[in-house]
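Structure first, then comments.
Please treat every number below as a calculation from the coordinates, not as lab data. Not measured: the values here are computed from a predicted model. FYI the Cβ positions are ideal-geometry reconstructions off the backbone, even for glycines, and counts take in every protein chain you see.
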Amino acid sequence: MANHKSAKKRIRQIEKRRLLNRYYKKRARTAIKNLRALEDKVEAEKFLPKVISMVDKLAKKNSIHRNKASNLKSSLMKHVSAL
């Protein structure tokens with residue numbers, strides 16, 4: 001267990017950050033799933049920028065790797081254009 005005041009604070013900060021990261025990641029995964037489930041092209045094209053924004057934010061915060069973000073965006077764009 002941590003003995004220093006700063007180490008205890010760091011533990012509290014890390015836990016908060018972990019929960020927030022978990023929330024943002026789960027939210028993005030759900031949005032991706034919902035986008036892939038859409039059948040209407042117009043609706044999917046409307047929703048795509050929101051999902052891409054979420055993925056970019058995850059990559060920016062290093063929650064996911066930037067290459068994974070790029071691959072996800074590419075596959076989602078392909079999916080939407082194929083509808």
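Summary table below
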| item | result |
| --- | --- |
| Top positive-direction residue, dipole computed over the chain with Cβ charges, set ALA44, ASN3, SER75 | ASN3 |
| Length added when fully stretched, GLU15-ARG36, from 0.36 nm per residue minus Cα-Cα | 4.4 nm |
| Exposure proxy ranking, count of Cβ atoms within 10 Å, fewest first, for LEU72, LEU20 | LEU20, LEU72 |
| Relative contact order, percent, the chain [alpha-carbon distance under 8 Å, six or more residues apart] | 30 percent |
| For the chain, calculated [θ]222 nm from helices alone, where every DSSP H run of n ≥ 4 adds -39500 (n - 2.57) | -29500 deg cm²/dmol |
| Summed residue charge, Cβ within 14 Å of ASN3's Cβ, Lys/Arg positive, Asp/Glu negative | +4 |
| Size-normalised alpha-carbon gyration radius of the chain, reference 2.2 N^0.38 Å | 1.44 |
| Cβ-placed point charges (K, R +1; D, E -1), dipole of the range 5-82 about Cα centre in debye, nearest 20 | 980 debye |
| Low-density loop positions, GluC sites (Glu not before Pro), the range 1-48 - DSSP coil, at most 16 other Cβ in 10 Å | GLU39 |
| Ranking of MET77, MET54, MET1 by count of other Cβ atoms within 10 Å, fewest first | MET1, MET77, MET54 |
